[in-house]
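The values are calculated or read from the model by the stated rules, or taken from the named source; none is laboratory data. Just so it is clear, the model here is predicted, and its values are computed rather than measured. No Cβ is skipped: glycine too gets one built from the backbone with ideal geometry, and neighbour counts run over all protein chains shown. In case anyone asks, the SASA skips ligands and DNA or RNA and just uses the protein heavy atoms, side chains included. Shrake-Rupley method; radii C 1.70, N 1.55, O 1.52, S 1.80 Å.
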Amino acid sequence: MKNIPNILSFIRLLMIPVFVYAYFTFDTYPGSFIAAGIYLLAWITDALDGYLARRNNWITDLGKWLDPLADKAMQFTAAVCFAIDNLVFLIVVIPMFLKEMLMLIGGMVVVKRKNIVVQALWYGKVATIILFAGAFFRIIIRHNRIFDITVAVLILTTMIFALVMYCIRTMKTLADTDDSAKINPNGK
């Protein structure tokens, strides 16, 4: 039972190539709902695995890494698909990649120096919800340049905000001599 959240994360990873296939195969309305449905199902499995892990104390070391990997892989894949459709999404893809690399490096530094895993905070969750909603509607409403620009700017703005907040938080955590900083030792 303890591995159900990890199984859901693994299923989410397996959904990525299915999403890509559906996205490029069914690129017009109403077929675009197939790719949107797959993306929505991935988001539901993300919410469900997090809920189950926290509610039942099924948090595992594997889950601490597998869950965010599956989330970021799906988000990045969607952004790359969008950029293939419309180059305006390069303003999302490149910063998204850099943001995730910075957060990964920062997280590893905190783990190494403080032996604690930084948890997702409200601004990261808000950015994820905005990214999800923007991507979901972008999958359905395709080939609309104004909508694409709006979604790309919205995602970029929230991503930058979350990154700045996490950088401030990471620097404070590293500077804090008290290891009881507001960091979740379980990472979930």
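Annotations
- Taking ILE139, ILE149, ILE16 in turn, the Gaussian network model of the chain (Cα-Cα springs below 10 Å) assigns the largest fluctuation to ILE149.
- Percent accessible area from carbon and sulfur atoms, the chain, protein chains only, probe 1.4 Å: 72 percent
- Against the chain, whose longest principal axis comes from its Cα atoms, helix 122-140 is set at around 10 degrees.
- Against the chain, whose longest principal axis is taken from its Cα atoms, helix 61-85 shows a tilt of about 30°.
- Dipole of the chain, positive end: most advanced residue of VAL109, SER9, GLY31 [Cβ charges, Cα centre]: VAL109
- Averaged over its residues, the chain has an accessible area of 55 Å² per residue, based on protein heavy atoms and a 1.4 Å probe.
- Tilt relative to the chain, helix 90-114 - C-alpha long axis, 0 to 90 degrees, to 10: 20 degrees
- Label-to-label distance, nm, for residues given as THR25 and LEU48 (7 Å Cα→Cβ offset): 2.2 nm
- Length gained when the stretch CYS167-VAL111 is fully extended (0.36 nm per residue, less Cα-Cα span): 18.7 nm
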